[in-house]
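The next block holds one structure in the form of C-alpha cells; read it before the comments.
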C-alpha cells in the first residue's frame with residue numbers, strides 16, 4: 001500500500017478553474033488559464049524576453065457622436081407662440097408673436113462653477129495647541145524631570161562627573177561628621193571657597209542671559225508696536241470741539257510722533273469743530289485713542305483760557 005500525496009494548492013486551482021468555467025464557459029476558461037500560467041512563468045523568470053509575451057486584442061472606445069445643431073433652442077420655446085423661429089425677421093420679432101406673460105422682472109442666475117484651471121486653495125495649516133497655565137506648568141515639570149533623569153543616567157555611565165556635595169557652614173557637622181573635627185579651619189576655607197564659586201557661577205549665568213542695550217531696545221519696540229512686516233493699517237478720525245490751545249496741540253502732535261503715527265489735523269472745519277486724522281498699527285492707535293478720550297481734559301484748557309481772559313479784562317470803575 002502506497003500513499004498518494006496531493007500537491008499544495010491543487011484544490012484551490014481546481015476550484016478556480018471550475019469557477020472560470022461556470023462564469024465564462026469552457027473555451028474562455030482555458031484561454032484565461034493559459035494567460036495566467038504564462039504570467040506566472042514570466043514572474044518566476046525575470047530574465048524572460050518581454051517581446052515573447054502574447055499581446056491581447058486592443059479595445060477601441062467608441063467616441064460619442066456630436067449632437068447636431070437644433071432648429072430652435074430649448075430656452076426660446078416657452079416665449080414663442082408657434083414654437084419655431086419662423087416669425088423672427090432680421091433678428092427681431094413682434095410682441096404679438098411672443099408670450100409676454102412669460103417675461104418677468106426676475107433674473108435667473110446660473111449656478112457658479114469654478115474654472116477647471118484654477119486649483120482649490122490649500123487647507124490652512126494646523127494651529128498649535130493652546131495650553132492653559134496649569135498645563136504649561138505640568139509640561140515644564142515633566143521636561144525638567146526628564147532632563148534630570150538623563151543627567152543621572154549619564155553620571156551612572158561615567159560620561160559626566162558626579163557633582164560635588166554641597167556643604168554649607170550650617171550643615172558641616174551633619175555632612176562630614178568626624179572629618180570636620182580633624183581640621184576644621186581647612187574645611188571652613190574649602191566650604192567658603194566652594195560657596196563663593198557657586199555664587200560667581202550664578203552671577204555669570206545671569207550676566208550671560210542679560211540682554212544687551214540694543215536687544216533691550218528691540219524688545220521694547222516689539223512690545224510697544226506691531227510687527228513691521230504686517231500690512232494692517234488702521235485709520236482713526238477724531239472730532240474735537242476746540243484744539244486752539246497750544247498745550248492741546250502739543251500733546252496731540254508729540255504723542256502721534258512717539259507712537260509712530262502719520263496723519264493731519266484740520267483746525268476749525270466749521271465753527272467750533274476741528275478734525276484729527278491718524279493712521280498706524282493697532283497698538284499705536286489704541287494708545288492714541290486713550291490719550292484723546294481719557295488723558296487730555298479738553299474742558300480744562302477751555303476753562304483756563306476763559307480764566308486768563310477774565311484776568312486780562314480791565315476792572316470796571
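Listed here are the residues, each with its yes/no results for (1) farther than 30 Å from residue 85 by Cβ; (2) surrounded by 10 or more Cβ atoms within 10 Å (Cβ to Cβ).
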| position | (1), (2) |
| --- | --- |
| 99 | no, yes |
| 102 | no, no |
| 106 | no, no |
| 111 | no, no |
| 114 | yes, no |
| 121 | yes, no |
| 126 | yes, no |
Spans of helices (runs of 4 or more DSSP H) in the range 137-242 with at least 2 residues at pLDDT 85 or above: 184-209, 213-224
Scan of the range 266-286 for residues that are assigned to a strand (DSSP E or B) and closer than 30 Å to residue 230 by Cβ, ordered by number: 266, 275, 276, 277, 278, 279, 280
Selection status of residue 28, in a helix (DSSP H, G or I) and modelled with pLDDT under 65: no
Enumeration of residues in the range 196-244 that are more than 12 Å from residue 281 (Cα to Cα) and either assigned by TED's automatic domain parsing to the domain that holds residue 272 or in contact with a helix residue (DSSP H, G or I) (Cβ under 8 Å, 6 or more places away or on another chain) (or both): 211, 237, 238, 239, 240, 241, 242, 243, 244
Those residues of the range 243-265 which are assigned to a loop (DSSP other than H, G, I, E, B), touching a strand residue (DSSP E or B) at 6+ places or on another chain (Cβ under 8 Å) and within 17 Å of residue 298 (Cβ to Cβ), in sequence order: 243, 244
Residue within the range 32-50 that is in contact with a strand residue (DSSP E or B) (Cβ under 7 Å, 6 or more places away or on another chain), in a helix (DSSP H, G or I) and modelled with pLDDT of 70 or more present: no
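The values are calculated or read from the model by the stated rules, or taken from the named source; none is laboratory data. All of these numbers come straight from a predicted model, not from anything done at the bench. Here the Cβ is made from the backbone with ideal geometry for all residues, glycine too, and neighbour counts use every protein chain on show.
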